[in-house]
1. Rank Tyr81, Tyr220, Tyr34 by mean-square fluctuation in a GNM of the chain with C-alpha springs under 10 angstrom and give only the top-ranked residue.
2. Which listed residue (Thr225, Trp177, Thr207) has the Cα farthest towards the positive end of the charge dipole for the stretch 174-238, taking +1 on Lys and Arg C-beta and -1 on Asp and Glu C-beta about the Cα centre?
3. Could you pull out every residue, at least 5 positions away or on a different chain, whose amide H is within less than 5 Å of the one on Gln75? Hs are placed 1.01 Å off N in the peptide plane, and Pro or chain starts have none.
4. At most 14 other C-beta atoms within 10 Å and a DSSP loop state: those are the exposed GluC sites (Glu not before Pro) I care about. Give me the longest piece of the chain that has none.
5. Roughly how far apart, in whole Å, are the Cα centres of the stretch 1-49 and the stretch 181-243?
6. Of Lys58/Lys100; Lys58/Lys208; Lys190/Lys232; Lys100/Lys213, which ones are farther than 29 Å apart at the Cα?
7. Two decimals is fine: what's Rg over Rh for the chain, C-alpha atoms, Kirkwood radius as Rh?
8. At a Förster distance of 35 Å, what's the computed FRET efficiency of Lys143 paired with Ala209, Cβ-Cβ distance as r, to 0.05?
Amino acid sequence: MGQRLMCVVAHPDDECFAFGGALALAADRGIETYVICMTDGQAATHRASAATGVELGKMRRQEFAASCRVLGVTQHELLDYHDGQLQSVAIAGATEHLVKRMRRFRPNVVITFGGDGGLNTHPDHMMVSFLTTTAFHWSGQAKRFPESGAVYQPDRLFHLTTNFFIPDRQPPLPIPWTTVLDIESVRERKSEAFRQHLSQAPLMERTKALFAKFGGQEFYALMATRDPGAAKQLTDLFEGLPD
């Protein structure tokens, strides 16, 4: 079995705006990638021509799939949690959904938002961080959800720490990065994936300057690892892991 990368996000467009570089780089190396999006983004501020939340959700599902194709994602899945309400989910049930998928896909590396919510400190991002981090640890414990597949412990968990310097939304204690990905070679593909989210066109306009300034790198913090020796500055999420 080759190397595998799992990415867990909250909304359609998170996969490209936040993690697009890591996903595209992995695809170029033949690494299998699996993106799980917890909601369909019905509560988005930008709604294009959608008259209802349901209509917007259908639109954003299609955009998510198109973005994943551009990034070369091997598998993608959009779950049915409510946008803007992840803080109200049943923790055990939501964690089990992720544990089941980790045990089935068996990723070497898992990436998600940091606990500060990353990018824009969105509460849904914070909850995705919490749920994914818990699932990472519980996936390897036999007593946790024994009916949800054979125990499997991923090798590494990374939190996104890319900082876009939004002045009024800075976390009080940002986590220092341990891994800087040079994504210059896939920068345009990341932008092209973002352009698939047509309903979010106003957001694209607002973030052009951010992409221009920070678009060549993504920053991650190694939060958990099976190999203590990996707790160092890395230039690659898979550095030192067997093929």
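No value in this document is a laboratory result; all are computed from the given coordinates. Keep in mind that this is a model prediction, so the values were computed, not measured. All Cβ positions, even for glycine, are placed from backbone atoms using ideal geometry, and neighbour counts span all protein chains on display.
1. Tyr81
2. The residue sitting farthest along the positive end of the dipole is Thr207.
3. Thr33, Tyr34, Val35
4. Numbers: sites that count: Glu147, Glu239.
Result for the longest clean stretch: 1-146.
5. About 11 Å separates the Cα centre of the stretch 1-49 from the one of the stretch 181-243.
6. Working: Lys58/Lys100 25 Å; Lys58/Lys208 26 Å; Lys190/Lys232 27 Å; Lys100/Lys213 38 Å.
In this structure, Lys100/Lys213 exceed 29 Å between Cα atoms.
7. Details: Rg = 16.8 Å, Rh = 17.9 Å.
When Rh is taken as the Kirkwood radius, the ratio is 0.94.
8. Details: r = 49 Å, r/R0 = 1.40.
In this case the efficiency is close to 0.10.
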